[in-house]
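Structure first, commentary second.
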Amino acid sequence: MTILRQAVPVIFAVIGINVMSLIDAISTELLVENDGFVELNPLMDVLIGNSYLPFFVVKLVITLAATLTCWHFYERRRAAGTVLKWTSRVYCALMVWHTVLLSIVMR
């Protein structure tokens with residue numbers, strides 16, 4: 001039970017980052033559909049330019065693989081926790097930025 005209790009914050013971080021990645025993908029799609037907005041990541045820009053499905057799949061698979069890798073190494077490598085912490089912070093800032101942009105577009 002103690003091990004599970006210690007894992008709860010990591011589980012929430014992994015789930016939270018993946019949920020924010022999904023929200024990021026959806027809001028990116030909504031913004032790119034409007035003229036004047038582009039995806040800043042060159043790889044994702046190529047994918048979203050071709051089709052939304054590969055964009056979603058690649059984005060979500062990369063995020064899931066990265067977070068699960070960090071979870072796997074969380075107890076053994078201090079950097080794994082740091083990566084999860086900073087990734088969640090960056091995604092939180094990105095959520096705020098997308099909210100601002102979407103509020104402008106939806107007027």
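The values are calculated or read from the model by the stated rules, or taken from the named source; none is laboratory data. Predicted model, so just to flag it, every value in this text is computed and none were measured. Every residue, glycine as well, gets a Cβ built from its backbone with ideal geometry; the counts of neighbours run over all protein chains shown. Just so you know, the surface numbers come from the protein's heavy atoms only, side chains and all, with ligands and any DNA or RNA stripped out. Shrake-Rupley method; radii C 1.70, N 1.55, O 1.52, S 1.80 Å.
For the chain, what is the per residue volume of the convex hull drawn over the alpha-carbon atoms, in cubic angstrom?
Convex hull of Cα atoms, per residue: 104 Å³.
Counting only protein chains, not ligands or nucleic acids, how are Lys85, Lys59 ordered by accessible area (probe 1.4 Å), most first?
Lys85, Lys59
Tell me, what is the per residue accessible area of the chain in Å², probe radius 1.4 Å?
Value returned for the chain: 69 Å² of accessible area per residue.
Sort Ser27, Ser103 by heavy-atom solvent-accessible area, probe 1.4 angstrom, most to least. Please list the in-between numbers first.
Working: Ser27 5, Ser103 60 Å².
Sorted descending by solvent-accessible area, the residues read Ser103, Ser27.
With only Lys, Arg, Asp and Glu charged, each at its Cβ (+1 for the first two, -1 for the last two), find how big the charge dipole of the chain is about the Cα centre; round to the nearest 20 debye.
Roughly 700 debye for the chain.
With the full set of protein chains in place, find how many percent of the accessible area of the chain is carbon and sulfur; take the probe as 1.4 Å.
Within the chain, the accessible surface is 70 percent carbon and sulfur.
Could you tell me which residue out of Leu64, Pro9, Asn41 lies farthest along the dipole of region 1-102 toward its positive end? Charges go on the beta carbon: Lys and Arg +1, Asp and Glu -1, centred on the Cα centre.
Pro9
Order the following by accessible area, largest value first: Leu43, Leu30. Probe radius 1.4 Å; ligands, DNA and RNA are ignored.
Highest to lowest solvent-accessible surface, that is Leu43, Leu30.
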